[in-house]
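Take a look at the structure set out below.
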Amino acid sequence: MADASAGQREWRVTGMDCGACAAKVRGAVERLPGVEDVDVALMAERLRLTLDERQTSAERVEKAVRGVGFGISPKGAPPEKPKGGFILPDGAFPAASDDETEHDDTAGQTEDGGATWVKTAKGRLVLGTGALLAAAWASKLVLPSEIAHWGFVLATLVGLWSIALRAIAMARAGMPFTIEMLMTIAVGGALLIGEPEEAALVVFLFAVGELLEGVSADKARNSIRALSKLVPKTARLEVGETTREVAAEKLRVGQVVQVRPGDRVPCDGEVIEGVSGVDESPVTGESVPTLKEKGAAVFAGSINTEALLRVQVTKAAEDNTIARIVRLVEEAESARAPTERFIDRFSRVYMPAVVGTALLVAVVPPLAFGQAWDEWVYRALALLLIGCPCALVISVPASITSALSTGARNGLLMKGGAVIEAAARTTHAAFDKTGTLTHGKPRVTDITVFVGGEDDLLALAAGVESGASHPLGRAICAEAERRGVGVSASTGARALPGRGAEAVIGGARVCVGSPRLAEERGVLTDDLWPRVEALEAEGKTVVIVLREDVPNGLIALRDEPRADAAQSVAQLRKLGISTVMLTGDNPRTAQAIAEGLGIEQRSGLMPTDKVTAIRDLASGGHVMMVGDGINDAPALAAAHVGVAMGSGTDVALETADAAILRNRVTDVAALIRLARATMSNIRQNIAIALGLKAVFLVTTVLGITGLWIAILADTGATVLVTMNALRLLFFRPTALTEAAEPDAREAQEFVRAG
């Protein structure tokens, strides 16, 4: 348990290319006294920990990270360049010269996306060792072999210098089993047994592999960085009668900005004047512009397409939709998948096992069977190189990061690898009805009057429901306003949970409630009940208006299903997933909606009943619960995966395991397709990593392949795994959804037709 005096600290760490790099940073700091809860995020380049500065200072943490070859700077400070592993004896890096740019030195690109790998330390190392190797080969053609021999030795030592220093630093930090240590032993051993040419080639190939890892890692990071670049740098702020350009990040809540046609919206806000189509595809992936008028919400990064809009800022820059999406994607790295945690544990045992096996290969055949020492030491050195677990360690996080980025671009947010793995295993999908399968905006469809006229009945009902927050109450008030009916003055209004509401109007008690309430009060007569049943059979919700417990009339309302709800159910069925609708509505209304959508239903459920239903489903499989993220919070928490519908609302982004920004029900199937594609990609990566190693471990022991083939296979496996993971950046989980939109509209027409 952390000391009460300890506090959380955060740094940016540059130079991390793979999961092994993150493990090195973690290992460097977690052994320090007073350090707890260490979290290293590879793609976010973040180190976060709980630090008791009475035991260890922040400077000591930074020195430990620099000591193992990485740049580190406090959160918000300019990023520090790692020096490519050239470490001074005290573990500190030499100061950067004025002409060195401040960007991640291992990345293949600058922060603005320009290709600059030649200018990085790793790029220079590749060019330097490559030039020396080429010179040594050239000298071998024209000079005596004894002289050319020293050319290869020089090329080897230049390339090995930084690797050996890093290996020593890692060992001093308590991490002796690293790729740097394996490289140092293998290349040093090759020099000792008289194989400098092969040693130089191995060093060069290793440098190339590290450079490619950096470029690949930065490509994945750029897909996340691109999200934050969607928000424009400036905004047209209204100041009195004029406008002036200001930095978008300086906008404050309540200010008003103008968004011209073609401009990106600089903030999350609310339209206060103007009507225009807004392209929200950069934020939600929705390809069709959405009409925005007074009162409509707009998101930072979306594009105004038609006319001038005046927008009032509702959220600060650090809390707008884009900022929260980026933050969510970055934080998702910490929620590691079970597969990733298993591979981490496996690699900790695997590395010492490889070293032990190599040692046995080196000594057992010569000692037990009189074999040649040079030959078996050489094979053991090659075995050390092929045994490096880099490709295996990066196989899962590379795929997860690509999937999170792809999901964010398509309006599908998942909070980490654990959620992706759970979503891929989904066998049952449970949906809330109101606001999820339906629009959540019921409207009055029928008014049946027993006493007085329709306007009189509507005035009474609106009087009781005035100020109500329930969707049915708001719909009744909206209908009264639409008809121009005056609302009856009421007093003593109160809700009747699960049944309706009541108030005193004109000295009489008036209730607007469900048939259940009328039945409890003994006024649901034999004449009244058939009328209620007939309306409910049409998928409508019926409320009865009672004046002093005398039925004055019926009001029927219907919440129309979303246009794509039936298509979503069909897509999930094709994925082998059974679906069920959970609702608190009456059985007949629920059945009418369910039949139109082709989904099973459980009705009359209170929030606690939904939790029970989720647990029942979970006993026979893996359950995904889809709700609006507010009323369904208990059920979302009880499911294996909770998915919140909502266009970037705080609740949708923060309360559930995943969120669907486009408010399309078909995106539930898209989310599952993305999760399954990710797990398939992970399995492919593991097969590539382990398969190549298995083949070359055997060929190495048999003497078929040597040192340079071993490092080429190891580097090749790492690059193949990374490139395979990057394929997910081009995966379109919503492609089937978009192609099926006409079918969804036809399904909606079918539902409306009854």
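The values are calculated or read from the model by the stated rules, or taken from the named source; none is laboratory data. Predicted model, so just to flag it, every value in this text is computed and none were measured. In this analysis, Cβ positions are derived from the backbone assuming ideal geometry, glycine residues included, and neighbour counts consider all displayed protein chains. Ligands, DNA and RNA are stripped out before the accessible areas are found, and what is left, the full protein with its side chains, is counted by its heavy atoms. Shrake-Rupley method; radii C 1.70, N 1.55, O 1.52, S 1.80 Å.
General remarks:
Residue-wise test of (1) hydroxyl-bearing (S, T, Y); (2) in contact (Cβ under 8 Å) with a residue 24 or more places away in the chain; (3) assigned to a helix (DSSP H, G or I).
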position: L572; (1), (2), (3): no, yes, yes
position: T579; (1), (2), (3): yes, yes, no
position: A590; (1), (2), (3): no, yes, yes
position: E595; (1), (2), (3): no, no, yes
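- Every test in (1) open to solvent by 30 Å² or more (accessible area, probe 1.4 Å); (2) over 23 Å from A710 (Cβ atoms) is passed by L132 save one, and that test is (2).
- Considering the range 670-725, and only residues there that are outside any helix (DSSP H, G or I) and modelled with pLDDT of 80 or more, the residue that is surrounded by the most Cβ atoms within 10 Å (Cβ to Cβ) turns out to be T705.
- Inter-residue pairs, beta-carbon under 6 Å, first over 18 Å from D319 (Cβ atoms) and free of Cβ contacts under 8 Å to residues at least 12 places away in the same chain and in the range 231-256, second open to solvent by 60 Å² or more (accessible area, probe 1.4 Å) and in a strand (DSSP E or B), 6+ apart: E245/T234
- Near pairs, Cβ below 7 angstrom, 6+ apart or cross-chain, from the range 434-453 (in contact (Cβ under 8 Å) with a residue 24 or more places away in the chain) to any residue that is assigned to a helix (DSSP H, G or I) and among the basic types (K, R): T448/R531
- The criterion of being within 19 Å of the chain's Cα centre (by Cα) and either modelled with pLDDT under 85 or open to solvent by 50 Å² or more (accessible area, probe 1.4 Å) (or both) holds for N663.
- Residue check, V396 open to solvent by 20 Å² or more (accessible area, probe 1.4 Å), closer than 30 Å to M181 by Cβ, part of a helix (DSSP H, G or I) and modelled with pLDDT under 90: no
- Every listed requirement among (1) open to solvent by 20 Å² or more (accessible area, probe 1.4 Å); (2) hydroxyl-bearing (S, T, Y); (3) modelled with pLDDT of 90 or more is met by S568 save one, (1).
- Scanning the range 261-276 for residues that are under 21 Å from G646 (Cα atoms), modelled with pLDDT of 90 or more and of a type in the set (D, E) turns up at least one hit.
- Any hit, the range 333-343, residues being farther than 26 Å from R46 by Cα and either modelled with pLDDT of 90 or more or surrounded by fewer than 20 Cβ atoms within 10 Å (Cβ to Cβ) (or both): no
- Top-ranked residue in the range 479-494 [being open to solvent by 30 Å² or more (accessible area, probe 1.4 Å) and in contact (Cβ under 8 Å) with a residue 24 or more places away in the chain; ranked as nearest to the chain's Cα centre (by Cα)]: A493
- Within the range 529-552, considering residues that are touching a residue at least 24 places away in the same chain (Cβ under 8 Å), open to solvent by 10 Å² or more (accessible area, probe 1.4 Å) and assigned to a helix (DSSP H, G or I), the one nearest to G467 (Cα to Cα): L535
- Test result for G584, outside any strand (DSSP E or B), touching a residue at least 12 places away in the same chain (Cβ under 8 Å) and surrounded by fewer than 19 Cβ atoms within 10 Å (Cβ to Cβ): yes
- Given (1) outside any loop (DSSP other than H, G, I, E, B); (2) over 18 Å from A710 (Cβ atoms), number of the condition G174 does not satisfy: (1)
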